[in-house]
Amino acid sequence: METRVIVADNARARIFASHSTLFKLEEVEGFVHTQARLSNRELVSDASGRSTDRGDTYDAPTSPKEHEERTFAHMLGQHLKDMHNRQHFESLVLVAPPKFLGMLHGELPKPLGKLVARTLDKDLTTCSVEEIIDHILV
């Protein structure tokens, strides 16, 4: 059974393939979302904005940094959906800090969410493959 292990934080993701056992992982892809590493000040334009929206709806304020984090989670969710549609895996293991893990899980379509075999709420993006395996197998 083919498993993909996703090790991510709000700005970086590493995707590993596991063929039949989690004792051996092969890094097959990596993504970096540099905008999520920027501060709110760096993400906001210094030009004054105008809004033509006169609606009475209220959206809870979202910081530019959180917006970029959600954008990255959405991009990863779409990529995983595309990979699954091409039959690259039968199960998923998600590893990410708690906040981003929730964002990523929320971006997975329901059928793909059902393939999540395990989650681990830790930031292991800078760990070696051996360290990642040790954390997953505990």
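The table for this structure:
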quantity: Condition check for H105: modelled with pLDDT under 95 and in a loop (DSSP other than H, G, I, E, B); calculated: no
quantity: Filter result (among the β-branched types (V, I, T) and over 21 Å from H67 (Cβ atoms)) within the range 91-125; calculated: V93, V95, V116, T119
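The values are calculated or read from the model by the stated rules, or taken from the named source; none is laboratory data. Everything numeric here is computed off the predicted structure, so don't read it as measured data. Using ideal geometry, Cβ is built from the backbone for each residue, glycine included, and neighbour counts are taken over all protein chains shown.
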